Amino acid sequence: MPPTPAAEDELTPRAWLHLQAREIRGWLWLSSVLGVLAGLMTLLQMALLAWVVSRLIDGEAPPGTLTTAFGALAGVIVLRALAQWGQESAGVEASWRVRRRVRAMLLDHLAALGPTGLSDRHPAGLGGQLVEQVEALDGYFARFLPQLRLVMALPLVLLGVVLWLDWLAGVLLLLAAPLIPLFMALVGMGAERLNREQFVAVTRLAGHFLDRVRGLTTLQLFNRAERSVEEVFVAADDYRRRSMRTLRLAFLSSAVLEFFASVAIAMIAIYIGFGLLGYIRFGPADELTLFSGLLILLLAPEFFQPLRTLAQHYHDRAAALGAADGLVTLLNRPVPDGTEREGWPMPGAFDTPGARIRLSEASVAYPGREGVLGPLSLALEPGQCLAVVGPSGAGKSTLLRLLAGFAHAEQGRVEVVPAAPIAWMDQRPWLVQGSLADNLRLAAPEASDEQLGAALSRVGLDGLLATLPEGLATPLGERGLGVSGGQAQRLALGRVFLSEAPLVLLDEPTANLDEASEAQIVASLRDLKARGRTLVVATHHPALIALADRVLSIERGMLGERTARSHDATP
Amino acid sequence: MQRRDETTLNDDFRPWLRQLSHRQRRLWLGALLMVSTVAAAIGLLALSGWFITTTAIAGALLAAGVSASVDIYRPGAGIRFFAIARTVSRYVERLYNHDTVLRLLADLRASLFAVLTRLDGRTLGRLRASEWLNRLTADIDTLDSLYLRLLAPPLVALLAIAGIGGLLGILVPGIGLSVGGLLLLVWAWLVVGQAGLGMAASRRRVATLDRLRSRTIEQIEGLAELSCYRTLSVHRRTLHDIEQRLYDDQRRLGRRQALGSALAGAGVSLAALLALWLGAHAYIEGELSGPSMVLMPLAVLAMNEALAVLPGAFTHLGATRASARRLNDLAASRGNLPETSDATVPAPGALEVALQGVILDYSVPGAGNLAPALEEVSFTLHAGQRVALLGASGAGKSSVAQLIVRLIDPSRGQVRVNDRDVRTLALGALRSRVGYLTQHTELFHDSLAANLRLGRSDATDEALWQALELVDLADWARELPRGLETWVGESGRQLSGGQARRVALARVILADTDLVMLDEPFSGVDEATAERIAARLDPWLAGRTVLYLAHDEAHLPGVTRRLWLRDGRLADGRGH
């Protein structure tokens, strides 16, 4: 089902992330609350520690009370560990739920965009977005957001305790604290922008790699393999330089924090020391005891710890924002309205096994290129076959895309009844990782092995099948690298014969085939036609043209300002 | 995938450790910076606690009217020093170490790509493209954790434990031993125990991510088919199952990592408690001063910083290991096309090629390679001849061409060029003399000019236009708004199949080689265009040795001899 992206149309990456967080706020809160609980346990632990020490030093420690205190300390430590475990686990729960949701949303949107809406995007880049960029959201939801809520609560509690113990020490902490978010915000803004750039670099790097790897044979043949190794190094080194720019700033934010935390601890230690010696004559210093002094010292690092942890997770946020940027851009891509073609509400239309096609003055344009196809008028009845001929690049494939609903008619009307399903074969046979059967069942998931075998014999692959010990379960490589181009094409064509689709759209189905295979396929297609299916075939081959009831010749009209001329001709 | 389960951790990581050792100095310096950061943190807290206690005792004495002297300047300066040192060394350390790691990654990427470029055609065919991408990026990215997460932190933590143990041991030997021992136990759990807990799930996770990626790419590439056949939802379900497996493992790992973090925190706190407990007894018995007793638990508490990173790194050790192992497998498959040390260069001029009793056994255990083998194929292609090797698709024509240009080696028999076994020829020299238009058109995501210049890197624009003229694309290219600089989309998708084919042909023409092999040069090209190109190709081919691979002879200019290949056997038919 196509999503309704209208609600998310104007979204910024930041707003989009907020929207996702809202879906899992229960888990986020649980994580934060457990984090605060762990913090309170730490407070208790430090207080007990300071108390035990002061009792020991002051020399008033009856051994019995100390054992109890040590026991209590151990108990607190265990409780704190439990809370900490719960905090992290709740974050994990929040994160995978978000990622599942986002992946579903993206896949829906990609489906709605369709092949034409994505033709300018590298599939590897898109795949990377769905895998790596969605994974990049993990840290933000699992760690950063719970920590963000924690940062607002826990330091306040600790500050309150320190103020109560010694307000001057509390003021020292207070002075250092507000500067931190300020610095971090300044630093974070820069890091965020750089991080986004880095994501672009990573995506580009992925595309670069897949491209070079796919074309490795070509690189070997032209003796370019060694030079492309250098290219790969340069690309990776460029990535390093980009990363270092991001990191220099990203680390700066935590360094600033580190600096304030360290200096505040040092100042507090010196202040307490001088206070205990009685050197400080003003403020609450003369009321300091070893207990309060030690506790303040122990709490000072804890006061900064949530912020330090947040700073460590800051790159999670930057990574999520960078990823969200790419994801939102993809989600904001408008769904082409061409996918919703006019149906043809004619009750009797579904009774026939074939499709009825009406094109009236339809024309297709791609952005930046004018007059790719048409205007073109055409009528086709069930059981008819139309051959589309013309020089390569004249717009034959565009016509097929228009009929399939992947391209949108700028002008005119397109009516295809029924609009789905369609049996489709591209110029590039599409094969997936998996067995022969897996590849065929892409068209008909319910097909039996017998039906698969029959489809293979329709495309003349039954002989091959017989020689395979594993039969239909024989695995194939991506892009059919284990099979020859002709075999891949015939295999992809096999799907057409598995499908009951009333409309069959084929782009150069016999381009790589020898005469015998071609004859076999023409015979099989003739059979489809006889059964009332409607066929539209872009081809150069006379045998296929001979099969057609009508031949549409598309000549120029792909480039420049000349519009396509077309004429309907009967053989 | 997991056929080599018997390899040990050591086997899996040894090559990478060796690679790391090239940058030894950087690595040691980085670790030193890490140690100094932890030492500063320990020093800051420990010295502060010592100082406060000292002043408290002195303050109490002063208040009681007893004279007491405290050196406040040296401890104060020490505290300030540790505070600054901690900040600076941490920043420098992180920056320096990340730079090191990214340098290592660039080395790694390039060296792995180099390994790939040496693989033969058969191995290349077995590996799948999107899986490769994963090997090159995700696996290497996973391996970046080797130094920064898996090597340096446990080492630094160990040194810190030794330091703490030593510090405490100087004060009271027994305390140093027992606290150090406890910390060592915690360390051992965080490193060994966590690694064991996460091993299976984190290894599986890498494989699942891999599968998710390739399935996703497949779905995007096949969107047209899937939406036409209305089977998108079925494919989506497979994706969904893979995704769910991924999340299950991630939850498992997340919880186990949380366990490790909780144990690290609790372990350090309990060690501090132990230090205080033992210290209190030593203090009561007069073996230890008050300030030193306070120093001990505080120093131990600062260990948190050194141990906190371990659970995250070691719970996911399996992921790093899986990546290392897969890259090892890849590297091990190199050398399928050995070059002899005394490799020679073929003499200039048109080349003569001969296949002598070539047998090509394609059977690969476990892989679905459907291409039939070549059986006892012998023929000679004389210099300047134009031979058409004809046969049905999958008859083995492409294998013959791959043998000649040495993308693969025969299982038995010989391929000879100018009467020398191709295995004794320098690979680069051989390939620079052979132009081969492969059946599968491979264009790169780059400009039209860059794609053409693959044929000859120093070709002038004029030469590019001439080549385009030959394949009848010059008019088309001239009408493009950006001309030769037009970006040729995702494997040339913005071009039609026929146009991409012709660009690939132009590229071979530019290479200007003595032997030209054209595999179905006009597939996807309409008849009229094919005829025009054939007419222009004919004079260009004059004087070169030509091997056409096709299923019929149509449009192939100037064929002087025909050979038929059927099911991997040569059916010699001179004339027709």
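The values are calculated or read from the model by the stated rules, or taken from the named source; none is laboratory data. Keep in mind that what you see is a predicted model, and the values were worked out from it rather than measured. All Cβ positions, glycine included, derive from the backbone under ideal geometry; neighbour counts span all protein chains shown.
Details
- Residue within the range B:335-354 that is under 28 Å from B:GLN194 (Cβ atoms), surrounded by fewer than 21 Cβ atoms within 10 Å (Cβ to Cβ) and polar (S, T, N, Q) present: no
Rundown of residues vs (1) surrounded by 18 or more Cβ atoms within 10 Å (Cβ to Cβ); (2) at pLDDT 95 or above; (3) not small (Gly, Ala, Ser), yes/no style:
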| position | (1), (2), (3) |
| --- | --- |
| A:ARG55 | yes, no, yes |
| A:THR67 | no, no, yes |
| A:ILE77 | yes, yes, yes |
| A:ALA83 | yes, yes, no |
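Matching residues to (1) without any contact (Cβ under 8 Å) to a residue 24 or more places away in the chain; (2) touching a Gly at 6+ places or on another chain (Cβ under 8 Å); (3) not acidic (Asp, Glu):
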position: A:ALA21; (1), (2), (3): no, no, yes
position: A:TRP27; (1), (2), (3): no, yes, yes
position: A:LEU34; (1), (2), (3): no, yes, yes
position: A:GLN45; (1), (2), (3): no, no, yes
position: A:LEU48; (1), (2), (3): no, no, yes
position: A:ILE57; (1), (2), (3): no, yes, yes
position: A:THR67; (1), (2), (3): yes, no, yes
position: A:GLY71; (1), (2), (3): yes, no, yes
position: A:ALA83; (1), (2), (3): no, yes, yes
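- The residue list A:LEU145, A:LEU137 contains one member that is under 30 Å from A:ASN332 (Cβ atoms) and under 15 Å from the mean Cα position of the chain (by Cα), which is A:LEU137.
Let's see how each residue does on (1) more than 24 Å from B:ALA506 (Cβ to Cβ); (2) in the same structural domain as B:THR513 (by TED's automatic domain parsing); (3) modelled with pLDDT of 85 or more; (4) small (Gly, Ala, Ser):
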site: B:ILE404; (1), (2), (3), (4): no, yes, yes, no
site: B:VAL417; (1), (2), (3), (4): yes, yes, yes, no
site: B:SER457; (1), (2), (3), (4): no, yes, yes, yes
site: B:GLN466; (1), (2), (3), (4): no, yes, yes, no
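- Lone qualifier among B:LEU443, B:LEU407 - being assigned to a loop (DSSP other than H, G, I, E, B), out of contact with any strand residue (DSSP E or B) (no Cβ under 6 Å at 6 or more places or on another chain), within 13 Å of another protein chain (Cβ to nearest Cβ) and crowded, with 18+ Cβ neighbours inside 10 Å: B:LEU407
- Top-ranked residue in the range A:100-146 [being outside any helix (DSSP H, G or I) and of a type in the set (Gly, Ala, Ser); ranked as farthest from A:TRP27 (Cα to Cα)]: A:SER119
- Checking each residue of the range A:316-328 against the condition of being without any contact (Cβ under 8 Å) to a residue 60 or more places away in the chain and either more than 42 Å from the chain's Cα centre (by Cα) or within 24 Å of A:THR12 (Cα to Cα) (or both) gives no match.
- Residue within the range B:61-79 that is crowded, with 20+ Cβ neighbours inside 10 Å and either in contact (Cβ under 8 Å) with a residue 40 or more places away in the chain or acidic (Asp, Glu) (or both) present: no
- Unique match (being assigned to a loop (DSSP other than H, G, I, E, B), more than 20 Å from A:GLY117 (Cβ to Cβ) and either acidic (Asp, Glu) or within 14 Å of another protein chain (Cβ to nearest Cβ) (or both)) among A:VAL388, A:VAL432: A:VAL432
- Condition met for B:ARG478 (more than 25 Å from A:THR539 (Cβ to Cβ), within 10 Å of chain A (Cβ to nearest Cβ), among the charged types (D, E, K, R) and not in a helix (DSSP H, G or I)): no
Each row is one residue, and each column tells you yes or no for (1) over 14 Å from A:GLY293 (Cα atoms); (2) under 36 Å from the mean Cα position of the chain (by Cα).
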{"site": "B:TRP28", "(1), (2)": "yes, yes"}
{"site": "B:LEU32", "(1), (2)": "yes, yes"}
{"site": "B:VAL35", "(1), (2)": "yes, yes"}
{"site": "B:VAL38", "(1), (2)": "yes, yes"}
{"site": "B:LEU44", "(1), (2)": "yes, no"}
{"site": "B:TRP50", "(1), (2)": "no, no"}
{"site": "B:THR55", "(1), (2)": "no, no"}
{"site": "B:LEU62", "(1), (2)": "yes, no"}
{"site": "B:SER67", "(1), (2)": "yes, no"}
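- Single unsatisfied condition, B:ALA275 versus (1) at the interface with another protein chain (Cβ under 9 Å from one of its Cβ atoms); (2) out of contact with any His (no Cβ under 6 Å at 6 or more places or on another chain): (1)
- A single entry from B:ALA224, B:ALA207 fulfils the requirement of being in a helix (DSSP H, G or I), at pLDDT below 95 and surrounded by fewer than 20 Cβ atoms within 10 Å (Cβ to Cβ): B:ALA207.
- In the range B:78-104, the qualifying residues are those that are facing another protein chain (nearest Cβ under 7 Å) and either of a type in the set (Gly, Ala, Ser) or in contact with a Lys or Arg (Cβ under 7 Å, 6 or more places away or on another chain) (or both), and the one that is nearest to A:PHE251 (Cα to Cα) is B:LEU95.
- Remark: pairs (first residue in the range B:235-262, facing chain A (nearest Cβ under 7 Å) and over 25 Å from B:ILE220 (Cα atoms); second residue crowded, with 17+ Cβ neighbours inside 10 Å and among the aliphatic types (A, V, I, L, M); Cβ separation under 6 Å; 6+ apart in sequence or on different chains) = B:ARG251/A:VAL92; B:GLY254/A:VAL92; B:ALA262/A:ALA81.
- Restricting attention to the range B:501-526, the residues that are within 11 Å of chain A (Cβ to nearest Cβ), under 20 Å from A:GLN427 (Cβ atoms) and touching a residue at least 40 places away in the same chain (Cβ under 8 Å) total 6.
- Where A:SER292 falls short, out of the listed (1) in contact (Cβ under 8 Å) with a residue 24 or more places away in the chain; (2) facing chain B (nearest Cβ under 7 Å): (2)
- Residue in the range B:8-29 that is at pLDDT 85 or above, more than 10 Å from every other protein chain (Cβ to nearest Cβ) and under 20 Å from B:ALA302 (Cα atoms) present: no
- Counted residues, the range A:438-452 - those being more than 25 Å from A:ALA511 (Cβ to Cβ) and either away from every other protein chain (no Cβ under 13 Å) or not in a loop (DSSP other than H, G, I, E, B) (or both): 4
- When B:ILE175 is tested against (1) in a helix (DSSP H, G or I); (2) without any contact (Cβ under 8 Å) to a residue 40 or more places away in the chain; (3) more than 31 Å from the chain's Cα centre (by Cα), just one condition goes unmet, and that condition is (2).
- Of the residues making up the range A:402-425, just one is touching an Asp or Glu at 6+ places or on another chain (Cβ under 6 Å) and within 14 Å of another protein chain (Cβ to nearest Cβ), namely A:TRP424.
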